[in-house]
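Enquirer: Let me begin by handing over the structure; questions about it come next.
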Amino acid sequence: MSEGQRGLTKMNKNKIVNYTTTIVPTWCPGCGNYLILANIINALKQHNYQKHNTVIVYDIGCIGNMADFIDTYGIHSLHGRCIPTAVGVKLANPNLDVLAIGGDGGVYGEGLNHLVASARSNYPIKVIVSNNFLYSLTTGQASPATPKGTITKSTPGGTIGEPVNPERLLKAVNPSVFVKSLKASDIPTLKTSLDTLFKTKGFGLLDIEFNCVSFGKSK
Amino acid sequence: MSKNVLTIKIAGPAGFGIKSGGLLISQYLQKLGLYFTDYSEYPSLVRGGHNTYQTTFSSTPTYSVSQKVDIFFSLKADFWQSHQQEFTPDTLIYKDLPQSDHPNMTCFGITVALLDGDIKLAKDLIKKTYPKFIEPNLTSFDIGYKFAAKSKAIFKIKPQIVKADNQQIFDGNQAFAHGFYKAGGKFYAAYPMTPATGALHELAKNANNWGITVIHPEDEISAASMSVGASFAGAPSAVGTSGGGFALMTETISFCGITEIGVLFYLVSRPGPATGLPTWTSQADLLFSIFSGHGDFLKVVIAPTSQQNTFDLTIKALHLSQALQTPVILISDKLIAESSCSLPDFNLIKSTPYKETFAAISKNYQRYALSNTGVSDRTLPGTPNGQFLANSYEHDFTGLSTEDALTVKSMADKRAKKLALAKKLVPKPNLYKNNGKNLIISWGSPVGCIKQAFDMGLKDYDLLEVVTLWPLDDGIKQISKNYKKIIVIENNQFGHLNFLLKTIGVNSDKFISKYDGRPFFPEEIISFLSPLSRGDVRRTEGFN
């Protein structure tokens with residue numbers, strides 16, 4: 001968003017903006033996604049993101065269902081494709097604030113190619129990953145972030161791959177991007193990191209980790 | 001020798017400037033005021049191999065190259081041998097060219113002598129095309145011109161029919177690029193894939209001047225996804241690819257279907273399956289394009305028949321994708337996309353962006369509200385109080401996910417309603433009368449070849465050119481009833497249009513196919529349809 005538009009927003013700063021839809025979130029009780037939702041909404045408010053000037057592109061998965069809960073322009077895209085779709089939006093209209101929200105499966109698995117390419121190009125989009133180390137919407141198979149050796153329904157002998165480390169990966173790809181992994185329960189860090197992400201001019205990724213309450217294995 | 005139509009062919013290894021030299025000859029012919037159509041064959045490699053360039057020119061419009069050549073240049077001593085079937089007793093065959101640094105320019109020199117052409121015009125063209133290497137190219141040209149001095153003016157062809165000044169040379173890919181620009185296109189993403197890459201080059205080159213964002217992303221999936229995002233944000237968008245890349249884009253086509261986001265897919269076919277024959281031509285992706293994308297939704301498939309037609313239909317196709325809010329596929333092939341001809345300068349044509357009506361914002365604005373046509377007005381991001389969700393899940397009238405049976409059905413019915421609107425808006429088939437008792441039905445690149453065959457004397461056949469392949473025009477059956485026999489001609493093995501026609505009750509009497517990577521030539525069409533033809537036309541099982 002241009003500075004001029006930001007200025008306009010500031011005039012309405014005291015007006016309470018309701019970023020939620022009327023849909024009650026459908027995640028499991030105790031899911032880390034509630035924390036992520038609440039903190040994203042806080043960040044949108046704090047940074048005066050106007051509902052009509054914000055486009056959030058959601059991936060497929062538990063976190064992707066957030067598409068129904070936040071009231072901005074939104075695209076609930078295909079699995080793995082939240083990043084290129086968001087890049088398309090931003091390139092077509094650079095005045096829009098564009099976020100891509102996905103899970104570890106979509107961003108580090110199906111869409112890893114897009115993650116690497118968009119970080120290389122430093123496209124100015126903000127990526128938020130809800131990383132619960134599993135494919136949970138499909139009832140708990142291994143994801144690219146699952147710790148090595150974990151037994152899941154699709155890997156009864158334990159996973160054989162090293163888990164993706166987003167910080168090391170993206171820093172290797174392009175040292176100038178903002179990338180940070182953190183625990184969802186560390187609320188002070190979550191708040192400050194979201195703040196940093198929202199202030200980032202180029203590409204930024206926040207990897208927010210928690211264990212799946214329904215299918216997760218304690219580490 | 002006075003002939004109305006002449007064909008020149010050059011054969012040699014890659015790296016000899018076969019295409020660039022050939023194209024220079026065509027440029028020269030165009031400047032003389034002649035019409036031409038060219039065609040080049042080249043293997044998928046950068047050096048060596050057996051490349052050819054041929055150009056057919058005339059004082060009246062040409063629609064395709066001829067198989068039989070009048071002047072043949074072999075840039076390697078033995079290359080002529082594999083072209084003997086293309087020779088007539090009158091063909092001038094240059095097997096051993098005089099020694100020169102730039103044999104392609106020597107061919108040019110010979111050509112100019114044979115046509116008793118304008119040397120100054122030819123030399124000016126060389127100077128303009130090779131500003132850094134003027135002298136060696138001119139020397140090679142002169143060697144050729146002198147070499148052919150004895151046979152000077154052996155061919156006489158009357159030029160000056162077209163106004164050469166307002167003409168430019170475009171291939172199909174460039175025609176697409178210019179059409180996209182003139183249609184108001186703002187975003188193009190493509191991953192290089194022969195034979196569609198030329199469109200990416202042309203758009204990338206002109207991106208700044210034309211105000212178009214052109215992106216070469218990491219893969220075709222990304223190209224298609226970006227284009228959907230861009231279209232959602234208000235930029236009329238297109239992607240370009242060939243069959244293999246299109247395969248990767250099919251999930252996005254489905255996504256466009258449910259989110260009702262219009263994107264133009266420019267699909268330039270080459271023979272498959274898989275990597276197939278990357279640099280050759282084919283029409284075997286028609287059914288794949290029509291049935292691409294999982295689930296039930298409307299898409300439109302349109303096929304141009306020439307370079308000019310590519311320009312016109314690109315404008316139409318992009319506008320249709322916006323009017324119908326659904327994916328539109330413009331299916332071309334290598335023959336059209338990489339062949340050039342002389343056309344009215346597209347730069348002089350006024351642009352006609354689609355005038356979209358956006359939604360009037362009210363408190364109860366619903367992006368996916370039911371409507372008479374199935375199309376509902378959208379808002380663009382940035383519009384206050386217009387926010388909505390473009391949802392890949394089935395959704396309600398506002399875009400939010402739903403699994404409610406009634407809503408699911410009404411949304412599916414809403415989208416299906418667009419079919420009736422599409423049938424009204426899509427280009428109709430064209431009927432070319434030629435005193436025919438029988439009817440040829442064809443689509444895409446063979447149409448030009450069939451028209452050329454008419455010019456060469458093929459009688460008893462009219463031609464129905466099917467422009468919109470999906471949804472098929474209901475009138476085709478009625479037209480076909482007026483004819484004794486129906487012949488379908490396609491550059492594929494199984495007869496894709498032939499199969500589709502059966503779905504509207506049109507059963508052909510004969511299906512003529514060609515699927516060796518080569519295009520049809522008019523001489524072949526004439527011989528296939530001759531009463532003396534033994535009927536052993538590349539027999540194929542086809543779809544039954």
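Enquirer: Go from 0 up to the bin containing the longest alpha carbon distance in the protein assembly as shown, width 10 Å each, and give me the % of pairs per bin.
Expert: Per 10 Å bin, starting at 0, the Cα pair percentages come out as 3, 13, 21, 21, 17, 12, 9, 4, 1, 0.
Enquirer: Here's a follow-up. Taking the Cα-to-Cβ direction at B:Ile504 and at B:Asp116 and moving 7 Å from each Cα, how far apart do the two end points lie in nm?
Expert: 5.1
Enquirer: Less than 19 Å from a label point 7 Å out along the Cα-to-Cβ axis of B:Thr60: which backbone N atoms in segment B:496-524 qualify, by residue?
Expert: Under 19 Å, as judged by backbone N against the label point of B:Thr60, lie B:522-524 of segment B:496-524.
Enquirer: For segment B:414-544, what is the convex hull volume of the alpha-carbon atoms per residue, in Å³? The partial results should precede the final answer.
Expert: Working: hull volume 15.0 nm³, N = 131.
Taking only Cα atoms, segment B:414-544 has a hull volume of 114 Å³ per residue.
Enquirer: From largest to smallest, what semi-axes in whole angstrom does segment B:168-348 give when each is the square root of 5 times an eigenvalue of its alpha carbon gyration tensor?
Expert: Gyration-tensor ellipsoid for segment B:168-348: 21, 19, 15 Å.
Enquirer: At a Förster radius of 45 Å, what calculated FRET efficiency corresponds to the Cβ-Cβ distance of B:His50 and B:Phe358, to the nearest 0.05?
Expert: 0.25
Enquirer: Same structure, new question: Amide H of A:Ile75 versus every other amide H placed in the peptide plane: which residues, excluding those fewer than 5 positions away on the same chain, fall under 5 Å?
Expert: Long-range HN contacts for A:Ile75: A:Ile56, A:Val57, A:Tyr58, B:Ala390.
Enquirer: Which of B:Ile440, A:Ile16 comes first, and how do the rest follow, when ranked by fewest Cβ neighbours within 10 Å? Please report the intermediate quantities before stating the final value.
Expert: Numbers: B:Ile440 29, A:Ile16 6.
Arranged by neighbour count, lowest to highest, B:Ile440, A:Ile16 become A:Ile16, B:Ile440.
Enquirer: Helix-only mean residue ellipticity at 222 nm, chain B, DSSP H runs n ≥ 4 weighted -39,500 (n - 2.57), per residue, nearest 500. What is it? It would help to have the intermediate numbers written out before the result.
Expert: On the way: 17 runs with 186 residues, N = 544.
Per the formula, -10500 deg cm²/dmol.
Enquirer: Another question, if that's okay. Would you please calculate the Kirkwood hydrodynamic radius of segment B:358-427 over all C-alpha pairs and express it in Å, rounded to one decimal?
Expert: In segment B:358-427 this quantity evaluates to 13.0 Å.
Enquirer: Could you give the length gained on full extension between B:Asn372 and B:Ala412, defined as 0.36 nm per residue of separation minus the Cα-Cα distance, in nm? Provide the component values of the computation, followed by the final result.
Expert: Working: separation 40, 0.36 × 40 = 14.40 nm, distance 1.39 nm.
13.0 nm is the gain from fully extending B:Asn372 to B:Ala412.
Enquirer: Please compute the volume of the convex hull spanned by the alpha-carbon atoms of segment B:285-420 and report it per residue in Å³.
Expert: Each residue corresponds to 146 Å³ of Cα convex hull volume.
Enquirer: Provide A:Cys212, B:Cys341 in ascending order of the number of other Cβ atoms located within 10 Å of each residue's Cβ, fewest first.
Expert: Arranged by neighbour count, lowest to highest, A:Cys212, B:Cys341 become A:Cys212, B:Cys341.
Enquirer: Then there is this: Using Stokes-Einstein with the Kirkwood hydrodynamic radius over Cα pairs, what translational diffusion coefficient do you get for chain A at 4 °C and a viscosity of 1.567 mPa s, in µm²/s rounded to a whole number?
Expert: Answer, rounded: 74 µm²/s.
Enquirer: Also, I was wondering about something else. Just to be sure I understand: of the beta bridges DSSP finds with both ends in the protein assembly as shown, what percent are antiparallel, rounded to 5? Intermediate results must be reported in sequence, preceding the final value.
Expert: Working: 32 of 101 bridges.
Just about 30 percent of them are antiparallel.
Enquirer: For segment B:129-248, what's the relative contact order in percent, using C-alpha pairs closer than 8 Å and at least 6 residues apart? Let's see the in-between values first.
Expert: On the way: 122 pairs, mean separation 31.0, N = 120.
Result for segment B:129-248 is 26 percent.
Enquirer: Still on this structure, I have one more. So what J values fall out for segment B:395-410 if you push phi through Karplus, 6.51 cos²θ - 1.76 cosθ + 1.60 with θ = phi - 60°, rounded to Hz, Gly and Pro as x?
Expert: Values, residue by residue: 9, 8, 5, 9, x, 6, 4, 8, 10, 5, 4, 5, 5, 4, 5, 5 Hz.
Enquirer: Once you place label points 7 Å from the Cα toward the Cβ at B:Ser527 and A:Ala38, how far apart are they in nm?
Expert: In this crude spin-label approximation the distance works out to 8.1 nm.
Enquirer: Still on this structure, I have one more. Let me spell out the model: positive unit charges on the Cβ of Lys and Arg, negative unit charges on the Cβ of Asp and Glu, origin at the Cα centre of the protein assembly as shown. What dipole size does that give, in debye rounded to 20?
Expert: 1060
Enquirer: Tabulate in residue order the Karplus-calculated ³J(HN,Hα) for segment B:466-473, using 6.51 cos²θ - 1.76 cosθ + 1.60 with θ = phi - 60°, rounded to whole Hz; enter x for Gly and Pro.
Expert: Computed from phi, the couplings for segment B:466-473 are 8, 8, 9, 8, 8, x, 5, 6 Hz.
Enquirer: Per residue of segment B:212-223, in order, report the coupling 6.51 cos²θ - 1.76 cosθ + 1.60 (Karplus, θ = phi - 60°) as ³J(HN,Hα) in whole Hz, putting x for Gly and Pro.
Expert: 10, 7, 10, 10, 10, x, 6, 6, 6, 5, 5, 4
Enquirer: Principal axes first, then extents: for the Cα atoms of chain B, list largest minus smallest coordinate on each axis, whole Å, largest first.
Expert: The principal-axis extents, from largest down, are 84, 56, 40 Å.
Enquirer: Can you give the Rg to Rh ratio for segment B:254-322, taking only C-alpha atoms and Rh from Kirkwood? Don't skip to the answer; put the middle values down first.
Expert: Working: Rg = 13.4 Å, Rh = 13.5 Å.
Reported Rg/Rh, Kirkwood definition of Rh: 0.99.
Enquirer: Need one number: nm distance between label points at B:Glu403 and A:Lys153, each 7 Å from Cα along Cα→Cβ, rounded to one decimal.
Expert: 1.4
Enquirer: Mind sorting B:His395, B:His178, B:His216, A:His79 by how few other Cβ atoms lie within 10 Å of their own Cβ, fewest first?
Expert: Numbers: B:His395 24, B:His178 27, B:His216 14, A:His79 19.
In order of increasing Cβ crowding within 10 Å: B:His216, A:His79, B:His395, B:His178.
Enquirer: Which Rg and Dmax, in Å, describe the Cα atoms of segment A:44-103?
Expert: 10.9, 30
Values quoted throughout were computed directly from the atomic coordinates according to the rules given, and no laboratory measurement underlies them. Remember, predicted model here, so these are calculated numbers, not experimental data. With ideal geometry, Cβ positions are generated from the backbone for all residues, glycine too; neighbour counts draw on all protein chains shown.
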